[in-house]
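See structure below.
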Amino acid sequence: MAAVKSWSLALVLLCISLSHLVNAADDSSGGFGASFIFGDSLVDAGNNNYLPTFSRANIPPNGIDFKASGGMPTGRYTNGGTIGDIVGEDLGVPNYAVSYLAPNSTGKAILYGVNYVSGGGGIMNATGRIFVNRLGLDIQIDFFNNTRKQFDKLLGSSKAKDYISRRSIFSVTIGANDFLNNYLLPVLSIGARISESPDGFIDDMINHLRNQLTRLYQLDARKFVIGNVGPIGCIPYQKTINQLDENECVDMANKLATQYNGRLKDLLTELNGKLPGATFVHANVYDLVMELITNYQKYGFTAASKACCGNGGQYAGIIPCGPTSTMCNGRDKHVFWDPYHPSEAANLIIARQLLYGGTKYISPVNLKQLRNL
């Protein structure tokens, strides 16, 4: 008799669990909706796995600490979760945003969110051409346009619009490649730098981004978080090829990032005033990452210049992370996982500041507050 009751209780709990999952996907009346993620390799969840490209991270030991995959590589350019993964978890999204190009990005799976990100992608369409294939922001928004139509079919046009505009968050983390793999790229960019000043190039970036964000708004996006460009002159790759000391960064790269970041902040203020009902949140990634690099010991790190996984030079910063790479012992003690990207430990600190922090790093509201608007 006890066994029967035990089985009955188990079935009831299973039904409740299944019912909760179905209702979470179907419910359009309250709670958090979807997380739509756009950008570059900092938040790529595997779209590049489905492209013929030189920019890929679906090889070990990438993902070695990613619990959801059992430590197998997924296409994430880090040892564990990305900032987008961590933010989504804390905002209450039950599943990670599915990669748009993945075979399972259909039906109700998209109700939790979609990741359109591509390693090597940028604001400008020419950015990342060294990788042969990548998805720039224009193409990523084209893909969201397709998703937007799918939402109408899944929920009906009225509920779909409410779900996207009132309950979902649009995250855009992009711009670093426009400098690293476009304007500053050796050989390929010499002509561009001769013909276009830094001011002119940044003008082009801002004008493109204005049009791209406005296009998302026209597709019913209302809650935005836009990350600025981090201190790209301090990444292991830049420090290695320029043979810098540990406490040095490449001045020109950081100046370009800082100049762009000032213009970006002005753009978001402009769009907040110009697009009714929209909230554009500014994520100050530059200062956040610079804080980790400068005061790394305060956060429990032992290294802020050397890549945990990589090869070449003083900071293991030339050859990307792969099966033949040298890997550090304390992966949670390094700010950088590879020559370009933060470790999961660094991503956790960054994500928590964006979720709960004050206006020094996230303004005018943090992401928890944005979710509840």
Radius of gyration and Dmax over the Cα atoms of the range 106-202, both given in Å: 17.3, 52
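Roughly how compact is the chain, stated as its Cα Rg over 2.2 N^0.38 Å to two decimals?
Numbers: Rg = 21.0 Å, N = 373, 2.2 N^0.38 = 20.9 Å.
The reported ratio for this selection is 1.00.
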Give me, ordered by chain and number, the residues 5 or more places off Gly310 or on other chains with an amide H under 5 Å from its own placed amide H. Thr326
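Which net charge results when you count Lys and Arg as +1 and Asp and Glu as -1 among the other residues whose beta-carbon is under 12 Å from that of Cys249?
Details: positive: Lys239, Lys255; negative: Asp245, Glu246, Glu248, Asp251.
Computed value for this residue: -2.
For the range 269-373, what ratio Rg/Rh do Cα atoms give with a Kirkwood hydrodynamic radius? Let's see the in-between values first.
Details: Rg = 17.0 Å, Rh = 15.3 Å.
Rounded to two decimals, Rg/Rh equals 1.11.
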Based on C-alpha coordinates, I'd like the Rg and Dmax of the range 192-301, in Å. 16.6, 49
Loop-resident sites, the range 50-120, for chymotrypsin sites (Phe, Trp or Tyr not before Pro), counting at most 15 other Cβ within 10 Å (DSSP): Phe54
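Taking Cα pairs under 8 Å and at least six residues apart, what relative contact order does the chain come out at, in percent?
Details: 732 pairs, mean separation 60.2, N = 373.
Across the chain, relative contact order equals 16 percent.
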Highest-MSF residue in the chain out of Thr302, Thr74, Thr147 [GNM, Cα springs under 10 Å]: Thr302
Dividing the mean separation of Cα pairs under 8 Å (6+ apart) by the residue count of the range 39-152 yields a relative contact order in percent of 28 percent
Degrees between helix 198-218 axis and first principal axis of the chain (Cα, 0 to 90, nearest 10): 10 degrees
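On a full-extension model of 0.36 nm per residue, what is the gain between Lys333 and Thr106, subtracting their alpha-carbon distance, rounded to one decimal in nm?
Values: separation 227, 0.36 × 227 = 81.72 nm, distance 3.81 nm.
Taking 0.36 nm per residue and subtracting the Cα distance, the gain is 77.9 nm.
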Pop the C-beta distance of Lys161 and Lys360 into the FRET formula with R0 = 41 Å and round what comes out to the nearest 0.05. 0.75
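Only the coordinates and a few stated rules stand behind these numbers; no lab work does. Predicted model, so just to flag it, every value in this text is computed and none were measured. Backbone-built Cβ (ideal geometry, glycine too); neighbour counts: all protein chains shown.
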